[in-house]
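Undergrad: First, the structure itself, so that you have it in front of you.
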Amino acid sequence: MRNRIRRRGLVLALAIVILTVWPQVCRAASDERSEEKRAAENYKKAYELILSKEYAKARREFEKFMEKYHDSRWYDDARYWYCHALMESSDNLEKAFECFREFMKENPDSKWREQAEENAVILATKLAKTNPQYKSYLRNLRSREEDELTQALVMALIEKGDETTIIELLDDTSDPESRRWLIYALADCRSDECKQKLIEVAKTDPDTEVRRHAIYALAEFDDEAEVVELMLQILKMEKDSDIRRHAVWVIAESRDPAVVDALIDIALTEKDRDMARAATYSLAEVDDPKATQALERLVKQSKDIEVKRAALYSLVEREDVVILKTLREIAVSEDDPNLRRAAVWAIAEMRNEPEAAAALVEIFNKSKDREVRRASVYALSEFDEEVSVELLKGVALTADDQELAKAAMYSLAETIEDDDINYVVEVYEKTPYREVRRAALHVILKIGGDEAVPVLGKVLKTEEDSNLRMTAVWALHEADDEDEVVKILIDVAKNDPSTKVRRAAIQVLGEIETEEARDALLEIFKERSKKKD
């Protein structure tokens with residue numbers, strides 16, 4: 001009956017909502033349709049003035065339309081026809097030209113764009129007779145159209161796969177833009193003929209962009225001796241820094257010893273920061289002891305923080321125990337805090353090296369940066385148990401900061417085996433920090449299983465903090481050894497000095513589905529009843 005009444009109430013409430021809100025929704029939809037209908041009627045009225053060539057009136061009507069119906073679907077159309085009416089009815093050709101240009105800029109995908117551009121060209125042609133800036137507009141427009149045509153032609157040649165024809169065109173074409181597109185067409189070719197033409201262009205072409213395109217295309221031949229030699233020459237002789245950077249990227253993966261020496265020299269001595277960074281990142285790809293040594297020098301000596309960062313991350317990828325000393329120094333004494341933390345996580349990547357774990361402990365002890373010390377603690381959890389457990393336990397017990405000790409406690413939990421809680425118990429018993437003891441109890445709950453039961457029983461007898469005893473009570477709820485748990489909880493429910501702890505023990509007993517738990521609750525109830533009597 002109660003459910004039936006409740007359902008009737010819900011139906012009635014829903015009906016009231018519908019009767020109240022629905023008319024408002026309908027009115028809003030109706031108003032929206034009416035607004036668009038009025039917009040369509042006003043647009044039609046203004047457009048009929050265009051058809052009858054009453055351009056001055058049309059211009060005013062479209063101006064009113066744009067002010068009133070900015071969100072209408074007819075707005076773009078109205079704006080185009082406003083510009084058209086302005087062109088036809090005004091002596092101010094400059095204003096009409098700007099009107100079309102702004103329309104094209106703000107509506108690049110409009111169906112009226114092409115017509116707007118044609119009108120802009122007509123106006124610019126008239127205006128160019130007295131104003132040079134419009135001649136420039138026409139030249140740029142023609143140049144763009146020519147570029148588009150050249151691009152289309154080159155793409156068609158690429159589709160044909162005719163490398164020989166493209167190379168011949170390069171010999172016969174002097175226009176830089178056309179040559180750039182032709183070079184682009186050779187970017188994927190692998191023939192010796194292509195390579196030789198690209199080398200020639202990279203060496204001799206008068207246009208910087210063309211040379212840059214050729215150098216970029218030569219990246220496909222980065223293991224060829226003559227290409228490497230050309231890039232090294234460019235690095236020594238070229239003045240254009242962008243071309244030099246392109247040369248660096250081309251030889252980034254070369255194993256030629258001369259390349260390694262050149263990259264080291266640029267990274268250490270180049271005044272152009274972008275060049276130094278490019279060389280540093282390229283060194284990261286070089287598997288050579290000299291490159292590792294150079295990266296270590298860069299981390300220590302470079303005055304550019306980006307170069308130092310690039311060198312450090314490059315060292316991280318190497319996972320080479322040889323660099324451990326350098327990383328340890330950076331973590332402790334580097335000025336940039338981000339680099340200090342990056343060095344810590346770089347050491348964490350060496351999880352198979354016992355020396356790396358010892359280095360993290362050293363960093364923890366020496367560093368004055370709280371975040372670095374915290375990172376060191378968490379990083380230790382990445383190592384095997386036999387390496388990190390004792391170290392983490394030591395940190396948890398000796399840290400002079402409660403949060404750091406707690407972090408060590410949780411890292412220890414991630415490291416030890418599921419059935420080994422002795423380390424956690426030791427931390428619980430010896431730590432001076434209440435939050436670390438609480439963390440230890442949670443860890444015991446998580447990994448201890450039945451082995452945790454006697455530990456938690458001991459906690460409930462000796463722990464002075466009632467909140468921690470409460471944590472121990474709820475931790476017992478997860479144990480499988482229900483008989484032992486019931487014994488402990490009976491004692492707590494009867495004797496704990498805290499009412500809230502006794503209540504928690506009773507609640508946990510109530511959730512244990514055994515005869516012993518039920519009997520315990522009855523026993524406690526009877527004893528309390530006798531005391532009241």
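Undergrad: Given K57/K105; K195/K239; K393/K458; K45/K68, which pairs have Cα atoms separated by over 18 Å?
TA: K57/K105; K195/K239; K393/K458
Undergrad: Cross-link partners among lysines for K308, C-alpha distance below 23 Å, same-chain residues fewer than 8 apart left out?
TA: Result set, ordered by chain and number: K271, K290, K300, K325, K366, K368.
Undergrad: Sort out the exposed loop GluC sites (Glu not before Pro) in the chain (DSSP loop, at most 10 other Cβ within 10 Å) and tell me the longest stretch that has none.
TA: In the chain, the maximal stretch lacking such sites is 1-416.
Undergrad: List residues of the stretch 103-130, by number, whose backbone nitrogen lies under 17 Å from a label position 7 Å along Cα→C-beta of S136.
TA: It comes to 124-125, 127-130, nothing else.
Undergrad: What does the charge count around S191 come to, taking other residues whose C-beta lies under 10 Å from its C-beta (Lys +1, Arg +1, Asp -1, Glu -1)?
TA: Around S191, the surrounding residues sum to 0.
Undergrad: E94 to E177: extension gain in nm, 0.36 nm per residue of separation minus the Cα-Cα distance?
TA: 26.8 nm
Undergrad: Then there is this: To make sure I understand the rule: partners must be lysines, Cα under 20 Å from the Cα of K111, and not fewer than 8 residues away in the same chain. Which ones qualify?
TA: K44
Undergrad: If you don't mind, another one. Under a point-charge model restricted to the Cβ atoms of Lys and Arg (+1) and Asp and Glu (-1), what is the dipole moment magnitude of the stretch 36-127 relative to its Cα centre, in debye to the nearest 20?
TA: About 300 debye.
Undergrad: Let me ask something else about it. Given a Förster distance of 56 Å, report the FRET efficiency between E209 and D483 from their Cβ-Cβ distance, rounded to the nearest 0.05.
TA: 0.10
Undergrad: Rounded, prolate or oblate: which one fits the stretch 36-127, using the alpha carbon gyration tensor with axes a ≥ b ≥ c (rounded when a/c is under 1.5, else prolate when a/b beats b/c, else oblate)?
TA: Taking the square roots of the gyration eigenvalues as a ≥ b ≥ c, the stretch 36-127 is oblate.
Undergrad: Taking the Cβ of R438 as the center, what net charge do the other residues with Cβ under 10 Å away carry, scoring Lys and Arg +1 and Asp and Glu -1?
TA: Its environment carries a net charge of +1.
Undergrad: Compare the Cα positions of S90, W74, A39 along the charge dipole of the stretch 36-127 (+1 at Cβ of Lys, Arg; -1 at Cβ of Asp, Glu; about the Cα centre) and return the one farthest towards the positive end.
TA: Most positive-ward Cα: A39.
Undergrad: With +1 on the Cβ of every Lys and Arg and -1 on the Cβ of every Asp and Glu, and nothing else charged, how large is the dipole of the chain about its Cα centre, in debye rounded to the nearest 20?
TA: 4060 debye
Undergrad: Rounded, prolate or oblate, given the Cα gyration tensor of the chain, with a/c below 1.5 counting as rounded?
TA: In terms of gyration-tensor shape, oblate.
Undergrad: Checking the cross-link filter: which lysines have an alpha carbon closer than 23 Å to that of K461, excluding same-chain neighbours under 8 positions apart?
TA: Within the straight-line limit of under 23 Å, K461 reaches these lysines: K430, K446, K487, K494, K500.
Since every read-out is calculated from the coordinates, none of them should be taken as a lab result. These figures come from a predicted structure and were not determined experimentally. All Cβ positions, even for glycine, are placed from backbone atoms using ideal geometry, and neighbour counts span all protein chains on display.
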